[in-house]
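Chemist: Below you'll find the structure I mean.
The values are calculated or read from the model by the stated rules, or taken from the named source; none is laboratory data. These numbers come from a predicted model, not from an experiment. Every residue, glycine as well, gets a Cβ built from its backbone with ideal geometry; the counts of neighbours run over all protein chains shown.
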Amino acid sequence: MSVASHERILVALDTPDADRALALADALAGRVGGFKIGGELFTSHGMPVVHEVLGMGHTVFLDLKFHDIPNSVAGAAAAAGRAGVSMFTVHALGGAEMIRRAASAAAEAARAAGKRVPRLLAVTVLTSHDDATLEDIGLAGPCSAAVLRLVALAREAGAHGVVCSPLEVAAVRGAFPAGLLVVPGIRPARGAETRGDDQSRVATPEQAVRAGADRLVIGRPITHAADALAAAAAIVEEIRRGERA
């Protein structure tokens with residue numbers, strides 16, 4: 001199902017300051033597709049901040065990258081389903097049984113709570129990795145090959161989609177045609193604030209959408225901009241160029 005250009009953007013609320021996160025969510029309401037809550041904000045404030053963002057009527061992408069024994073991940077996935085988040089992540093490296101159990105538990109809990117079943121996204125290879133760091137941790141590479149192995153595993157285990165870097169989007173789209181592809185490592189064509197950037201495999205919004213990305217996770221280029229609304233609007237224009245290509 002097609003979405004409006006601005007709905008492709010999931011803004012990363014990567015801050016320990018709940019007031020700042022909620023202010024950003026309020027300011028960007030209707031200008032983006034939703035908000036990513038990850039480890040920094042969640043560890044600082046837990047489920048209450050998730051419920052606050054949901055209570056504002058926003059789509060929430062809960063990006064905690066669950067990776068544990070299947071029973072533990074199933075419990076965490078059930079909590080995500082009960083909360084009413086739209087998407088959540090597990091690490092594909094956790095294996096097929098972990099992914100299957102998580103998908104089943106989230107769906108069951110969501111239905112019992114009267115919520116829409118969330119989409120389980122399997123994280124492939126973090127965008128901070130390159131071929132050299134993959135070799136350092138003992139994972140067979142290169143990144144492009146490792147990603148496709150994990151995509152195949154996740155698809156067969158029942159994941160609704162995957163998280164991959166923009167450099168692998170075209171290949172992943174070919175391997176998982178029906179999957180939801182959520183893509184971090186997005187850097188606008190025009191200069192944006194990215195102090196402390198630790199991404200290795202990146203692309204512009206236009207490039208990522210043209211390659212087949214469904215959603216773009218964007219943090220600092222919007223949240224650290226002097227004018228977050230203007231930064232988001234500029235990125236929407238880049239997305240539209242990718243859609244027209």
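Chemist: I'd like to check something: does the range 73-93 contain any residue that is in contact (Cβ under 8 Å) with a residue 12 or more places away in the chain, touching a Phe, Trp or Tyr at 6+ places or on another chain (Cβ under 9 Å) and closer than 27 Å to residue 230 by Cβ?
Modeler: So far as the range 73-93 goes, yes, one or more of its residues are in contact (Cβ under 8 Å) with a residue 12 or more places away in the chain, touching a Phe, Trp or Tyr at 6+ places or on another chain (Cβ under 9 Å) and closer than 27 Å to residue 230 by Cβ.
Chemist: Further, regarding this structure: Please work out which one of (1) of a type in the set (A, V, I, L, M); (2) surrounded by 19 or more Cβ atoms within 10 Å (Cβ to Cβ); (3) at pLDDT 95 or above is the condition residue 167 fails and give its number.
Modeler: (3) is the only condition that residue 167 fails.
Chemist: Considering only the range 7-36, state which residues are buried (at least 21 other Cβ atoms within 10 Å of the Cβ), touching a helix residue (DSSP H, G or I) at 6+ places or on another chain (Cβ under 6 Å) and of a type in the set (D, E, K, R).
Modeler: 8
Chemist: Another question, then. Take residue 84 and tell me if it is within 19 Å of the chain's Cα centre (by Cα), within 24 Å of residue 220 (Cβ to Cβ) and surrounded by fewer than 20 Cβ atoms within 10 Å (Cβ to Cβ).
Modeler: When the stated conditions are applied, residue 84 does not pass them.
Chemist: Hey, another quick one. Take the residues in the range 191-245 that are closer than 13 Å to residue 166 by Cβ and among the hydroxyl-bearing types (Ser, Thr, Tyr), then tell me which one is modelled with the lowest pLDDT.
Modeler: Of the residues in the range 191-245, the ones closer than 13 Å to residue 166 by Cβ are 199-218, 238-239, 242.
Cutting the leftovers down to among the hydroxyl-bearing types (Ser, Thr, Tyr) gives us 200, 204.
Working: 200: 54, 204: 93.
My answer is 200.
Chemist: To continue, here is another question. Among the residues of the range 1-20, which ones are modelled with pLDDT of 95 or more and either over 20 Å from residue 235 (Cα atoms) or of a type in the set (Lys, Arg) (or both)?
Modeler: Of everything in the range 1-20, those that are modelled with pLDDT of 95 or more and either over 20 Å from residue 235 (Cα atoms) or of a type in the set (Lys, Arg) (or both) turn out to be 8, 15, 16, 17, 18, 19, 20.
Chemist: Next question, about the same structure. Is there a residue in the range 46-55 that is in contact with a helix residue (DSSP H, G or I) (Cβ under 6 Å, 6 or more places away or on another chain) and closer than 28 Å to residue 177 by Cα?
Modeler: Among the residues of the range 46-55, not one is in contact with a helix residue (DSSP H, G or I) (Cβ under 6 Å, 6 or more places away or on another chain) and closer than 28 Å to residue 177 by Cα, which makes the answer no.
Chemist: Being in contact with a helix residue (DSSP H, G or I) (Cβ under 7 Å, 6 or more places away or on another chain) and free of Cβ contacts under 8 Å to residues at least 40 places away in the same chain is the filter here; which residues of the range 141-169 pass it?
Modeler: Result: 141, 142, 144, 146, 147, 148, 152.
Chemist: Then there is this: Give the residues of the range 211-245 that are assigned to a helix (DSSP H, G or I), buried (at least 20 other Cβ atoms within 10 Å of the Cβ) and of a type in the set (A, V, I, L, M), sorted by residue number.
Modeler: Passing the criteria: 211, 222, 231, 232, 235, 239.
Chemist: Hey, could you check the range 104-124 for residues that are of a type in the set (A, V, I, L, M) and within 16 Å of the chain's Cα centre (by Cα) and say which is surrounded by the fewest Cβ atoms within 10 Å (Cβ to Cβ)?
Modeler: Among those that are of a type in the set (A, V, I, L, M) and within 16 Å of the chain's Cα centre (by Cα), it is 123.
Chemist: Going residue by residue through the range 29-44, is there one that turns out to be touching a residue at least 40 places away in the same chain (Cβ under 8 Å) and among the polar types (S, T, N, Q)?
Modeler: Checked the range 29-44: no residue is touching a residue at least 40 places away in the same chain (Cβ under 8 Å) and among the polar types (S, T, N, Q).
Chemist: Moving to a separate point now. Restricting to the range 12-55, what's the tally of residues that are closer than 14 Å to residue 86 by Cα and among the hydrophobic types (A, V, I, L, M, F, W, C)?
Modeler: The qualifying residues number 5.
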